[in-house]
Amino acid sequence: MRWFLLLVPLLVIATGCAQYTTDVPENRGPLEGSWVMTEIAVISERGENTYPDPVPGLFIFDQSHYSMIWMPLTETPPDFEEIWRPTEEEKAAAYSSIVVNSGTYTYTDTTVTTVPTVVKTPEFMGGYAVYTYKVEGDTLWMEMTDTVSRDGVQDPGVGLFRMPLRLIRAE
């Protein structure tokens, strides 16, 4: 029993220290893997701004499921004034500053459609989002083109601006 208690921490450490690779197995789809946000662009009638060092974000795709969490921000939000005890205003600001959803997805050569089952925004659960995408080596370019609630109501923000995202493969 003692050897087992010593072996488990060693295995955990060894696994955590394993090297990551950017090699993509041939049988994986183009989106499969972990992707880290490296750039956000905002394009509207007022002009274009590119943010090459956004707050970290992570997109994960396996054969049929995805998970994404990211913040369309250029600076990490400040801590709450009283740590772990946000005011109502701080909660609202935190809620508005993050995109969180996970579920299933399908893709073609140029589009990916996500169908969230776990979301921050209740009406989006069971809805869908459509993105155009392009993979070039270890870089993934994505841009949302449509978002619809489970009741078929299109997000009123669709079409007001464009937000191309650049991500790099993380594994």
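Placing a pseudo-label 7 Å from each Cα along the Cα-to-Cβ vector at Thr104 and Ala170 gives an inter-label distance of 2.5 nm.
Computed on segment 108-163, the Cα convex hull volume stands at 98 Å³ per residue.
When the accessible area of segment 43-84 is computed with all protein chains present and a 1.4 Å probe, what percentage of it is carbon and sulfur? The partial results should precede the final answer.
Values: 1710 of 3290 Å².
Accessible surface attributable to carbon and sulfur in segment 43-84 totals 52 percent.
Note on Thr74 and Lys134: with the Förster distance fixed at 30 Å, the Cβ-Cβ geometry gives a FRET efficiency of about 0.80. With a Förster radius of 22 Å applied to the beta-carbon distance between Asp62 and Lys120, the computed FRET efficiency rounds to 0.55. Scaled against the 2.2 N^0.38 Å expected of a compact globular protein of N residues, the Cα radius of gyration of segment 23-130 reads 1.25. Are there chymotrypsin sites (Phe, Trp or Tyr not before Pro) in segment 76-166 that DSSP puts in a loop and that have at most 10 other Cβ atoms within 10 Å, and which ones? When the chymotrypsin sites (Phe, Trp or Tyr not before Pro) of segment 76-166 are filtered for loop state and at most 10 Cβ neighbours within 10 Å, Trp84 remain.
FRET efficiency for Ser149 and Tyr95, Cβ-Cβ distance as r, R0 = 22 Å, nearest 0.05?
On the way: r = 17 Å, r/R0 = 0.79.
After rounding to 0.05, the efficiency reads 0.80.
Excluding ligands, DNA and RNA, the accessible surface per residue across segment 38-130 is 65 Å² with a 1.4 Å probe.
The values are calculated or read from the model by the stated rules, or taken from the named source; none is laboratory data. Quantities reported herein were computed from a predicted structural model and do not represent experimental measurements. Glycine gets a Cβ as well: all are built from the backbone with ideal geometry, and neighbour counts include every protein chain shown. Quick note on the areas: whole protein, heavy atoms, side chains included, nothing else; ligands and nucleic acids left out. Shrake-Rupley method; radii C 1.70, N 1.55, O 1.52, S 1.80 Å.
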